[in-house]
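K.L.:
First the structure, then my questions, so here it is.
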Amino acid sequence: MNSCELALFPIRSVLFPGGITTLPIREARHLDVIVEVLKSDHKLGVVLAEDGESDAGITHKSAPHVARVGSYCHVQDFDQNDQGELIVEIRAEQKFKILDTFEDKQRAMFAQVQLIKPEVVIETGPEDESLIDVLEHLLAHPAVKIPRHQISYQHLANLGGRLAELLPLKNAVRQRMLEINDPVVRLNHLEKILDQLQREAEAP
């Protein structure tokens, strides 16, 4: 499998292939990295910050403890918010395994990663309608800001990824779902989690 060096952004969430999120860039060291990314191939990596505190776009803390599997992303847009901060929109394309991490002279984080083979493509079918209904309900929530036309769930991997991102799960659970490489197995786990959430909601 291919390996490469990536600028690495620890975040407080788990992003699955096909998922979209934004990175707030508030420090000069990360702004310099983003400028270089935009000059080259528009690629960077994101990974869960397991210490629960760090976000590469937010804090001044260097070298946070991170998960070993993250997402290889494409920068697809950027803008400034009302505070003048750069907001970078990224879409995850593929998973990777971190082989090593290091910092540059400005303490920005980088990683040597091994790209993980994309999951098998399996189209959703009638048996997946109940999970699709759950996802549609989650996407209708006003807190979900991603435009609907940018959401695809015609394949099981995308359906499972979007559910794992949007369901009220602990990040440790989301990370375990990311590290599963079989979309059918992931959906089976998510169905069990949904059943448990429903039982808890119905409990007196």
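K.L.:
Roughly how far apart, in whole Å, are the Cα centres of region 16-55 and region 179-204?
P.N.:
Measuring centre to centre over Cα atoms gives 30 Å.
K.L.:
Counting every Cα pair in region 3-115, what percent are over 17 Å apart?
P.N.:
48
K.L.:
Evaluate 2.2 N^0.38 Å with N set to the residue count of region 126-202, then give the Cα radius of gyration divided by it.
P.N.:
With N residues counted in region 126-202, Rg over 2.2 N^0.38 Å equals 1.06.
K.L.:
Could you bin all the Cα-Cα distances of the chain into 5 Å bins starting at 0 and give me the percent of pairs in each, rounded to whole numbers?
P.N.:
Histogram of Cα-Cα distances, whole percents per bin: 1, 7, 15, 19, 20, 16, 11, 7, 3, 1, 0, 0.
K.L.:
Here is a follow-up. What is the distance, in nm, between label points placed 7 Å from the Cα along the Cα-to-Cβ direction at Q196 and at E50?
P.N.:
About 2.0 nm, to one decimal.
K.L.:
Using the basic label-point model (7 angstrom from Cα toward the beta carbon), what is the S3 to L139 distance in nanometres?
P.N.:
3.8
K.L.:
Calculated FRET efficiency, K117 and Q83, Cβ-Cβ r, R0 30 Å, to nearest 0.05?
P.N.:
0.15
K.L.:
Report the gain in length on full extension from R12 to D100: 0.36 nm times residue separation, minus Cα-Cα distance, nm rounded to one decimal.
P.N.:
Taking R12 through D100 to full extension adds about 29.7 nm, to one decimal.
K.L.:
Give me the percent relative contact order of region 126-202, please, defined on Cα pairs under 8 angstrom at least 6 residues apart.
P.N.:
Worked out over region 126-202, it gives 27 percent.
K.L.:
With a ≥ b ≥ c taken as the square roots of the eigenvalues of the C-alpha gyration tensor of region 61-112, please select rounded if a/c is under 1.5 and otherwise prolate if a/b is larger than b/c or oblate if it is not?
P.N.:
oblate
K.L.:
Report the relative contact order of the chain, percent, no decimals, based on alpha-carbon pairs under 8 angstrom and at least 6 residues apart.
P.N.:
23
Bear in mind these aren't lab numbers, they're just calculated from the coordinates by the rules spelled out. Given the structure is predicted, the values throughout are model-derived calculations rather than measurements. With ideal geometry, Cβ positions are generated from the backbone for all residues, glycine too; neighbour counts draw on all protein chains shown.
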